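S.K.: Can you keep this structure in mind? I'll have questions shortly.
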Amino acid sequence: LKKEVAERIASPPGGKEYCYLSEIVQLYTVTRIEFMVPPDAFTPNPEVDSSVITLTLRDQPAVMVSDEAFFIRVIKAAFSQRRKTLRNSLKQLEAPKDRMDAVFNSIGIDLGRRAETLSVEEFGKLADFLLT
């Protein structure tokens with residue numbers, strides 16, 4: 001894969017590379033970048049570096065949630081407006097305001113954070129809380 005794509009897929013929470021793709025791939029696989037491949041390893045030489053990654057399929061998703069489709073909607077909404085806080089980006093889910101206001105006190109996730117700071121497990125807690 002292109003080096004930047006491999007880095008996004010394998011990125012841990014908190015980095016600028018962490019994104020929707022990271023979350024979804026890491027939900028179902030354990031990811032690891034194996035090694036970099038320079039452009040001169042190909043003919044013709046591409047103008048980018050490449051990486052080889054390993055995706056090991058999990059026996060079960062990294063987090064068990066009540067509704068997987070809703071969980072994926074939450075992740076997609078959270079990352080849809082990357083520079084916005086969770087409170088603003090999750091408005092498109094149309095969750096009741098009182099439910100959104102109760103997130104921090106109930107599950108300890110500050111909606112003032114940005115999507116790239118949440119782990120797969122935190123997204124699971126958030127999705128299950130908003131769904132109920």
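S.K.: Tell me, please, whether a residue that is touching a residue at least 40 places away in the same chain (Cβ under 8 Å), of a type outside the set (A, V, I, L, M, F, W, C), at positive phi and not in a strand (DSSP E or B) can be found in the range 16-25.
M.R.: no
S.K.: While we're looking at this one, here's another question. Within the range 91-132, can you find the residues that are among the hydroxyl-bearing types (S, T, Y) and touching a residue at least 24 places away in the same chain (Cβ under 8 Å)?
M.R.: Listed by number, the residues that qualify are T117, S119, T132.
S.K.: Which residue pairs have Cβ atoms under 9 Å apart, sit 6 or more places apart or on different chains, and have a first residue in the range 39-54 that is within 10 Å of L1 (Cβ to Cβ) and a second that is among the small types (G, A, S)?
M.R.: Within 9 Å, the pairs are S50/A6; S50/A41; S51/A6; S51/A10; V52/A6; I53/A6; I53/A10.
S.K.: Any chance the range 2-11 includes a residue that's over 29 Å from F71 (Cα atoms), at pLDDT below 95 and open to solvent by less than 50 Å² (accessible area, probe 1.4 Å)?
M.R.: For the range 2-11, residues over 29 Å from F71 (Cα atoms), at pLDDT below 95 and open to solvent by less than 50 Å² (accessible area, probe 1.4 Å): absent.
S.K.: Step by step: first the residues of the range 12-24, then only those that are open to solvent by 40 Å² or more (accessible area, probe 1.4 Å) and not hydrophobic (A, V, I, L, M, F, W, C), then the one that is farthest from S80 (Cα to Cα). Which residue is that?
M.R.: The qualifying residue farthest from S80 (Cα to Cα) is P12.
S.K.: OK, next. Looking at L27 and the list (1) of a type outside the set (D, E); (2) modelled with pLDDT of 95 or more; (3) surrounded by 13 or more Cβ atoms within 10 Å (Cβ to Cβ), which single condition is not satisfied?
M.R.: Going through the list (1) of a type outside the set (D, E); (2) modelled with pLDDT of 95 or more; (3) surrounded by 13 or more Cβ atoms within 10 Å (Cβ to Cβ), L27 breaks only (2).
The values are calculated or read from the model by the stated rules, or taken from the named source; none is laboratory data. This one's a predicted model, so the numbers in the text were calculated from it and none came from an experiment. Backbone-built Cβ (ideal geometry, glycine too); neighbour counts: all protein chains shown. Accessible surface areas use protein heavy atoms only, side chains included; no ligands, DNA or RNA. Shrake-Rupley method; radii C 1.70, N 1.55, O 1.52, S 1.80 Å.
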